[in-house]
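Down below is the structure, laid out as structure tokens.
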Amino acid sequence: MKQFSISLGKPFGIPINIHWTFWILIVWIIYTNASQGQGGAETLWYILFIFAIFACVILHELGHALAARRYGIQTRSITILPIGGVASLEKIPENPKQELVVAIAGPLVNIIIAAGLWVLLSIVGKLNLGLGHVQEMTHIHGGNFLITLLLVNIMLVLFNLIPAFPMDGGRVLRALLAMNMNRVKATEWAVNAGKFFAIVFVFLGFSSNPFLIFIALFIFLSAHAELEHVRSDSYLNNYHIKDALMKDFTLLNEKSPLSDAIKVLLNGQEKQFLVTNGSDITGYLTKNDIIKGLTTHNEQVPVGKIAKPQVIWAGADDEIKEVRMRMMREGIVIMPVGRKGQLEGIVDVDNINEFLLIQSAIHQR
Ligand SMILES: [Zn+2]
């Protein structure tokens with residue numbers, strides 16, 4: 001399905017992609033318009049309008065991304081989904097003031113767009129904001145295109161400022177609370193506010209728009225995930241790689257046959273291995289790579305042939321939290337620890353998760 005995703009280039013160095021599910025929305029619009037007997041021109045206006053909305057959504061996400069960049073946080077990508085946009089920031093700033101700025105930057109863009117449209121429409125004398133426009137929203141034409149776009153931008157601001165994760169308003173609320181209490185407590189409050197809104201949405205969903213139930217579920221799950229994430233991060237606070245360093249591990253030589261790797265895999269608890277050429281670390285091999293290697297090659301294939309050539313070193317004094325994030329970002333599961341050429345030990349994803357489990361048990365005492 002990936003081939004149906006479309007790349008819109010890299011403004012400010014940030015790749016923008018349209019997710020393939022977005023096209024379901026377009027097909028659905030064409031289908032409903034056709035089944036209601038609407039003509040081609042009406043459908044075209046409608047599709048144009050959807051693209052205009054999503055252009056505003058992209059600008060909204062760019063607002064977050066560029067605000068984050070001010071604090072040295074990069075954005076991996078911006079993805080457009082049928083339900084909106086997602087900017088994948090490397091991380092969320094932990095400083096509440098910075099988080100507040102990053103969270104508010106998105107809705108601010110929509111306020112600026114709405115203000116711009118307002119000025120434009122009042123110059124051409126077409127600014128008549130009546131409730132009729134809201135009812136007319138399902139019927140877009142040249143005459144109400146811009147005024148409806150203005151209204152949609154205002155709705156985007158209001159919707160995003162609902163104080164519930166994963167909406168921007170949830171982050172704004174957490175940031176404001178975190179200025180006066182610790183981050184975990186602030187997140188708990190913001191998450192509870194989110195769950196409250198989710199319940200309200202469920203009730204509204206049953207009495208009006210069933211789509212709200214879907215949003216409620218989304219809010220509920222995201223709020224919960226955010227709390228788990230912040231909690232686990234706080235358990236790792238002030239711990240360094242040396243606190244979780246593994247010194248007992250197996251290095252696989254890239255020239256040895258795959259059968260050696262299988263033996264090691266079956267013999268012990270290790271699930272991922274560093275690969276060496278005798279003097280340097282040259283890559284790594286996971287349990288899945290070994291199984292996959294067996295299906296495509298035979299047991300005599302050299303380990304180096306199926307190993308992943310990615311090597312990222314961690315320092316013994318690096319924070320566990322940072323290393324965990326680096327692993328997620330790069331999609332790796334094991335790292336050599338030490339200075340290049342001087343291997344002190346390894347750290348892997350299972351090891352960090354075990355450390356996390358122990359810390360969370362200690363915190364629950
Ligand atoms: Zn946003």
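The values are calculated or read from the model by the stated rules, or taken from the named source; none is laboratory data. Here the structure is a predicted model, which is why all the values come from computation and not from measurement. Using ideal geometry, Cβ is built from the backbone for each residue, glycine included, and neighbour counts are taken over all protein chains shown. Ligands, DNA and RNA are stripped out before the accessible areas are found, and what is left, the full protein with its side chains, is counted by its heavy atoms. Shrake-Rupley method; radii C 1.70, N 1.55, O 1.52, S 1.80 Å.
Have a look at ILE312, ALA244, SER259 and report the one farthest towards the positive end of the charge dipole of segment 207-365, computed about the Cα centre with Cβ charges (Lys/Arg +1, Asp/Glu -1).
Working it through, the farthest residue towards the positive pole turns out to be SER259.
In degrees, nearest 10, range 0 to 90: what is the angle between the Cα axis of helix 211-236 and the longest Cα principal axis of the chain?
Here the helix axis deviates by roughly 40 degrees.
Checking the table LYS97/LYS195; LYS242/LYS321; LYS91/LYS321; LYS271/LYS321 against a 19 Å threshold on Cα-Cα, which pairs fail?
Those over the limit are LYS97/LYS195; LYS271/LYS321.
Dipole magnitude of segment 234-365 about its Cα centre, charges +1 at Lys/Arg Cβ and -1 at Asp/Glu Cβ only, in debye to the nearest 20?
Here segment 234-365 has a charge dipole of around 200 debye.
Label 7 Å along Cα→Cβ of ASN288; segment 343-365 residues with amide nitrogen under 14 Å?
Under 14 Å, as judged by backbone N against the label point of ASN288, lie 349-350 of segment 343-365.
Give the carbon-plus-sulfur fraction of the accessible surface of segment 257-365 in %, rounded to a whole number; probe 1.4 Å, heavy atoms of protein chains only.
Reported share for carbon and sulfur atoms: 50 percent.
Given a 1.4 Å probe and heavy atoms of the protein chains only, how would you sort TYR71, TYR284, largest accessible area at the top?
Greatest to least solvent exposure: TYR71, TYR284.
For segment 279-365, what is the largest minus smallest coordinate of the Cα atoms on each principal axis, given in angstrom and ordered from greatest to least?
50, 29, 21
Taking amide H positions as placed 1.01 Å from N in the peptide plane, with prolines and chain starts having none, which residues 5 or more places from GLY345, or on another chain, fall under 5 Å of its amide H?
Answer set, sorted by chain and number: VAL337.
Based on the alpha carbons, how large is the Rg to Rh ratio for segment 1-77 when Rh follows Kirkwood?
Reported Rg/Rh (Cα atoms, Kirkwood Rh): 1.11.
From the residues ILE112, GLN74, VAL102, which one has its Cα farthest along the dipole of segment 67-116 in the positive direction, the dipole being from +1 and -1 charges on Cβ of Lys/Arg and Asp/Glu about the Cα centre?
Positive-most Cα among the choices belongs to GLN74.
Relative to the first principal axis of the alpha-carbon coordinates of the chain, what is the inclination of helix 145-160, with its axis defined by its Cα atoms, in degrees from 0 to 90 and to the nearest 10?
50 degrees
Using a basic spin-label model with each label point 7 Å from the Cα along Cα→Cβ, how many nm lie between ASN253 and GLU354?
2.7 nm
In the neighborhood of LEU245, defined by Cβ-to-Cβ distances under 12 Å, what is the net charge if each Lys or Arg adds +1 and each Asp or Glu adds -1?
So the environment of LEU245 carries a net charge of -4.
Whole percent per 5 Å bin, from 0 to the bin with the longest distance: what is P(r) over all C-alpha pairs of segment 31-125?
Per 5 Å bin, starting at zero, the Cα-Cα P(r) for segment 31-125 comes out as 3, 12, 17, 17, 15, 12, 11, 7, 5, 2, 0 percent.
Given 0.36 nm per residue, what is the gain on full extension from PHE159 to GLN269 after removing their alpha carbon distance, in nm? The partial results should precede the final answer.
Values: separation 110, 0.36 × 110 = 39.60 nm, distance 4.84 nm.
In short, 34.8 nm is gained.
Against the longest alpha carbon principal axis of the chain, how many degrees, from 0 to 90 and to the nearest 10, is the axis of helix 22-35 turned?
The angle comes out near 30 degrees.
Accessible area of segment 62-201 with a 1.4 Å probe: how many percent of it is carbon plus sulfur?
68 percent
Just PRO93, PRO166, PRO82 to compare: in a GNM of the chain, with alpha carbon springs under 10 Å, which one fluctuates most?
Among PRO93, PRO166, PRO82, the largest GNM mean-square fluctuation belongs to PRO82.
For segment 70-193, what is Rg from Cα atoms divided by 2.2 N^0.38 Å, rounded to two decimals?
Against the compact-globule rule of thumb, the ratio is 1.28.
Over the Cα atoms of segment 154-211, how large are the radius of gyration and the largest Cα-Cα distance (Dmax), in Å?
12.6, 38
Placing +1 on the Cβ of each Lys and Arg and -1 on the Cβ of each Asp and Glu in the chain, which of ILE140, GLN272, LEU357 has its Cα farthest towards the positive end of the resulting dipole?
ILE140
Determine the per residue accessible area of segment 269-365 with all protein chains present and a 1.4 angstrom probe, expressed in square angstrom. Don't skip to the answer; put the middle values down first.
Details: 5320 Å² over 97 residues.
That works out to 55 Å² for each residue.
Taking only protein heavy atoms and a 1.4 Å probe, what accessible area per residue, in Å², does segment 74-127 have with all protein chains in place? If you can, show how the numbers build up before the last one.
Working: 2750 Å² over 54 residues.
Value for segment 74-127: 51 Å² per residue.
Would you mind telling me which residue in ALA114, ALA34, ALA103 has the biggest mean-square fluctuation in a Gaussian network model of the chain, where springs connect alpha carbons within a distance under 10 angstrom?
Greatest mean-square fluctuation among the candidates belongs to ALA34.
Normalising by the residue count of the chain, find the relative contact order in percent from Cα pairs under 8 Å and 6+ residues apart.
Computed over the chain, the figure is 11 percent.
How do TRP45, TRP20 stack up against each other in accessible area, from largest to smallest, with a 1.4 angstrom probe?
Order by accessible area, largest first: TRP45, TRP20.
With N set to the number of residues, divide the alpha-carbon radius of gyration of the chain by 2.2 N^0.38 Å and report two decimals.
1.24
Placing +1 at every Lys and Arg Cβ and -1 at every Asp and Glu Cβ, with all other atoms neutral, what dipole size does the chain have around its Cα centre, in debye to the nearest 20?
Charge dipole of the chain: 300 debye, to the nearest 20.
Would you please give the residues with an amide H less than 5 Å from that of ASN17, counting only those at least 5 places away or on a separate chain, with H modeled from the backbone geometry?
Result for ASN17 returns LEU8, ILE78, THR79, ILE80.
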